[in-house]
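Scroll down for the structure; my scribbles are underneath it.
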Amino acid sequence: MRIELETRPVRSTAMEIISPLAAFAIAVLIGGGIIAMLGKSPTQAFHVYFIAPLSEIWSLQEVAVKATPLVLIAIGLSFCYRANLWNIGAEGQFVVGGLFGGMVAVYTHGAINDGLIGGWWVLPAMLLAGTLAGMLYGLIPALLKVKLGASEILTSLMLVYLAELLLDYLVRGPLRDPKGFNFPQSVPFEEIARLPYIVPGDRLHAGVLLALAAVFLAAFIMRRTLFGFDVRLVGSAPKAARFAGFSDARLTLAVFAISGGAAGLAGICEVAGQIGQLQPVISPGYGFSAIIVAFLGRLQPIGILLAGLVLSITTIGGENAQILMKVPLDTTRAFQGILLMCVLAADVLTRYRIKIRLGASS
Amino acid sequence: MSLQIFELVLFTILAAATPLVIAAIGELIVERAGVLNLGVEGMMICGAATGFAVAILTDSSEIGVLAGILAGMALAALFGLLTIFMAANQVATGLALTILGLGLSGLIGAQFIGLKRESLGHLYIPLLSDIPLIGKLVFSQDVFVYAGWALVVGTAWFLSRTRAGLTLRAVGENHASAHALGIPVRKIRFLAVLFGGACAGLAGAYLSLAYTPFWAPGMTAGRGWIALALVVFASWRPLLAFAGALLFGGATVLQLHAQAASIGLPGQLLTAVPYAATIIALIILSLRHRRGGAAPASLGVGFVPER
C-alpha cells in the first residue's frame, strides 16, 4: 500500500471550513470509543460534555469565563505560529503576568482601605503590569533566538517550569497572607483590584470583553496593516519576505512580545477576575490548551474565538463528567490531544489530495 | 569513607542520567533522519504508565518493560503517520503527541497509583563487582543503565561506520537528493521515528520500574524535554549526548542532595536547577557555533515526493 499526496493547485475554501469540523467529529468519535473502553456510556458522556454546559445560564457564563484566557492566549500565539515561530511557553508568560499583576494588588492592599492612596488606578496598573511582565518574559526566548540562534521551542518551554516555581515560591513565602492561617495564598484582593462583573453578582467578569476586543484587534492587524502582511508573508514565503526587506529579527521580537503580552494579560485577568488572590497554581494548563485553540481555529481570529468556546465547553464538560460519571479528568486532556492531531491531519486535506494506491511501497 | 560517598554520588548520577541518555539517543536518531519529534515527553510518560501497569498485571517487570517500549512505539507510529505520510506540521503534531501522551498516561495509570513494585535487580558479577569504585559503577548496575550504554555505543557506530547509518544521515541532510538516488526517504524516516518511540518508552519504563519505582502522574517532570535539549546540546552526536546526560544527571542529584541537606535555599530554587541548566546549556552551545551548523539540514522540513 502506498499513500500519495497530490498538491492542490488552489487551497480549497470549502475544505478550509469543513476540515476543522470533520476533525472535531472524528475526535468526538475516538473520544466516545475511549469512554466506552472505560466502561461508561458514550451517549451520556456526549450529553455531559457538549450539551449540558450549554443548557443553563450559569454554565453558559462559565463557558465564557473559561474561554477568556484560552482565546486571549491563542490570539497572541496565532501571530507567532503564522510567522512559523514556535512559542510554546505561553503557560509561563500567563503565570508571570498573573504574578506581577497580582503583586500590584498585594502591595497596595492595606493602603487603599486606609485611604492613603487613590484606588481607581490600581486595576489598570495591574493589567498593565501583567501584560508587560508577560511581554518581557516572552521576549527572553525571542532574544535568545535572534542573538544566539537558540531554539525558541526549548527555551520558551523551560521558562514555563521556572515561572511556575517562582510563583510557588513567592506565594508560599514573601507574598503569603500573614493573617491567612498559614495557607499558601496571598491576601484576597480588594474590590478595587478586581475586574468588575458584567452581570452584577455573577461570574461573568470584564476580562471576557478584553478577549473579544483582542479578537477584533487581531483581525484588524492581520488584514489591514503592513505588520500583519509581514507576519503572513514570513510564514508562507520567508525568502520573499527577506527580499522585500522585512527584518526577521524585528518580526521575531514583535510576535513574541505580542504573544507574551496577550498571555500575560490573560494571566492577570484570571487572577483579578476569576481567582481574586494569588495561589501557588493559577492555571490548569491554559497556556497549553491555547495551542490547540490556535490550531483548531486555523490561526484565524474568528476561528480562534469559536475554537476557544469549543475547548472551554469540553473542559467544563470534563469537570462535570468527573463528578457525574466518575470519568477521570485525564480523559479530557487525552481528548484534546486527539482533537489537535485530527485538526492537523485534516489540515493536510486542504493542501493535498490524498491517494491511497494498493501495491508495492515506494 | 570519602571514597564510598564519592562512589555513591557517581552511582546516583549514572542512574539519574540513564533515562535522559536513552530518550536522547532515540530522538537523536529521529533528528538525524530529518524529523523533529517534540512528543518525547508524551511517549516517555506513556511508557512509564504502561510499563508499570503491565508489570503489575502480569507480575513481570520484563514484560512491563516490553509493554513500555511498545507504548512509546505506538504513539511514535501515530506521529510518523501524520508527519511523514500526511506531511502534517512536525512541531504542532509533536506538541499534540505530548498533550495526548500526558492524558493517556493518566488514564492508564489511574488504577495503579500508590502501588509499589520491587525495582529491577542490579547485576552482580563475582569478583568484578567487588573491585573498589569501578566494580560498583561498571559491573553492578541495573539492565537499563547497560541498555543506555549499549545504545550510545551502538548508535555512534551505526551512524559513522555503517552504510545504513550513512543512508539515514543522507535522508536527514537532503531528502530531495536522497529521494533522487532512490532511497526510500519516508520509510527510513518512519523507522527512525519508531526507534525514537521505543527509546522514549524504554526511558519511561526505567522511571516507573527501576528509578522510583512506582507510578505517579506527571512523573517524567519534563525529562522528555530535557532529552530534546540534550540532542541539540550534543550537536547530534551520541557520545556527547551521553556526556551531556551525565551533566544533567549531576544537576538533578546535586539538587536532591542539597534539598536533603536543607542548606537554607528555597526548595523551588533547587528544583529549578535542571530547567535553568537546560537554558544555560543551550546558550553556551549557541555561543560556540552560532549558526547552528551541526543540525541536520532537512530537520523539521516535511517531505512530499514529486513524481
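We did not get these values from a lab; they are worked out from the coordinates using the rules stated. None of these values were measured; they are calculated from a predicted model. Here the Cβ positions follow ideal geometry from the backbone for every residue, glycine too, while neighbour counts run over all protein chains shown.
Observations, loosely collected:
- Test item: A:161-169 mean partner chain Cβ contacts at 10 Å: 5
- Residue (of A:Ile153, A:Gly285, A:Ala133) at the positive-pole extreme of the range A:65-327, dipole from beta-carbon charges: A:Ile153
- Gyration tensor verdict on the range B:1-98 (Cα atoms; rounded if a/c is under 1.5, prolate if a/b is larger than b/c, oblate otherwise): oblate
- Measuring nothing but how far apart in sequence close Cα pairs (under 8 Å, 6+ apart) lie, relative to its length, the range A:65-327 scores a relative contact order of 39 percent.
- Summed residue charge, Cβ within 11 Å of A:Pro284's Cβ, Lys/Arg positive, Asp/Glu negative: -1
- For B:Ile131, no residue has an amide H sitting under 5 Å from its own, ignoring neighbours fewer than 5 places away on the same chain, with H placed 1.01 Å from N.
- Take each residue of peptide A:339-351, count the partner chain Cβ atoms within 10 Å of its Cβ, and average: the result is 5.
- Cα shape, the range A:233-362, gyration tensor, a/c 1.5 rule: oblate
- Taking θ as phi - 60° and the Karplus parameters 6.51, -1.76 and 1.60, the scalar couplings of the range B:67-80 work out to 5, x, 4, 5, 4, x, 5, 4, 5, 4, 4, 4, 4, x Hz in sequence order, x denoting glycine and proline.
- Point-charge dipole on Cβ atoms (K/R +1, D/E -1) for chain B, about Cα centre, debye to 20: 880 debye
- Chain A: C-alpha gyration tensor shape, a/c 1.5 cut-off, then a/b vs b/c: oblate
- Hydrodynamic estimate: the Kirkwood radius of the protein assembly as shown over Cα pairs, inserted into Stokes-Einstein at 10 °C and 1.306 mPa s, corresponds to D of 61 µm²/s.
- Across chain A, the longest run free of exposed loop sites, meaning trypsin sites (Lys or Arg not before Pro) lying outside DSSP classes H, G, I, E and B with no more than 14 other Cβ atoms within 10 Å, spans A:12-178.
- Local electrostatic count at A:Val234 - Lys and Arg +1, Asp and Glu -1, tallied over other residues with Cβ under 12 Å: +3
- Residue-averaged [θ]222 nm for the protein assembly as shown, counting only DSSP H segments that reach four residues, each worth -39500 (n - 2.57): -22500 deg cm²/dmol
- Modelled FRET efficiency - R0 25 Å, B:Val143 with B:Ala243, Cβ distances, 0.05 increments: 0.70
- In plain terms, chain B is cut at each of the GluC sites (Glu not before Pro) found in a DSSP loop with at most 14 other Cβ atoms within 10 Å, and the longest leftover piece is B:119-305.
- Within 10 Å of the Cβ of each residue in B:272-285, the mean number of Cβ atoms contributed by other protein chains is 5.
- Karplus 3J(HN,Hα) series, Hz, for the range A:345-352 with 6.51 cos²θ - 1.76 cosθ + 1.60 (x for Gly, Pro): 5, 5, 4, 4, 4, 7, 9, 10
- Rounded to the nearest 10 degrees, the angle from helix B:40-58 to the longest Cα principal axis of chain B is 60 degrees.
- Modelled spin-label separation between B:Thr162 and B:Lys187, with each label point placed 7 Å from Cα along the Cα-to-Cβ direction: 1.6 nm.
- Interchain or long-range residues, amide H under 5 Å from B:Asp142's placed H: B:Leu123
- Chymotrypsin sites (Phe, Trp or Tyr not before Pro), loop per DSSP, at most 12 other Cβ atoms within 10 Å - longest free stretch of chain A: A:182-362
- Computed from Cα atoms, the angle from the helix A:207-224 axis to the main principal axis of chain A rounds to 50 degrees.
- In this structure the amide hydrogen of A:Tyr352, modeled in the peptide plane, comes within under 5 Å of the amide hydrogens of A:Arg8, none closer than 5 places in sequence on its chain.
- Using the Cβ of B:Gly196 as centre and a radius below 14 Å, the other residues enclosed give a net charge of -1, where K and R count +1 and D and E count -1.
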